[in-house]
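**Q** Structure provided below as structure tokens; questions to follow.
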Amino acid sequence: MDISDEKKIQQLYQVDGLYGMVKKQFPTMQERESALLMEFILYGLSVYSVISKKMNDGCITFNDLMGSMMNLGNLNLGDEEDFFPEEDR
């Protein structure tokens, strides 16, 4: 799966606060340079385990590590009989 550079840049801008962080430190940065720094920040956060980084089909995705760990309500754990044989119930 190959995503165009423009689509990658648009996805970076969707991360809350990421563009603001880059613009605060580098106010005169051009769009492609800002995108590079935003991606660099995401890599740095993943190295220090603040966010998770996963490779899927040649694409790298970053996720909120704590948010995904705390979001247990959406898990489909199946029925009780999947975990306990009938003789144990």
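**Q** Taking only the alpha carbons of the range 5-71, what extent do you get along each of the three principal axes, in Å, biggest first?
**A** Result, largest extent first: 37, 25, 19 Å.
**Q** Using the per-residue mean of other Cβ atoms lying within 10 Å as a proxy for protection, in what order, highest first, do the peptides 15-24, 29-38 fall?
**A** Ranked by mean Cβ neighbours within 10 Å, highest first: 29-38, 15-24.
**Q** Mind listing the phi-derived Karplus ³J(HN,Hα) values for the range 15-20, rounded to whole Hz, using 6.51, -1.76 and 1.60 with θ = phi - 60°, and x for any glycine or proline?
**A** So the J values, rounded to whole Hz, are 7, 4, x, 5, 5, x.
**Q** With the dipole of the range 5-71 worked out from charges on the C-beta (+1 for Lys and Arg, -1 for Asp and Glu) around the Cα centre, which of T61, L45, M29 lies farthest toward the positive end?
**A** Checked the options; the winner is L45.
Read-outs throughout are calculated quantities, based only on the coordinates presented, and are distinct from any laboratory measurement. Please read all numbers here as calculations on a predicted model, not as lab measurements. Backbone-built Cβ (ideal geometry, glycine too); neighbour counts: all protein chains shown.
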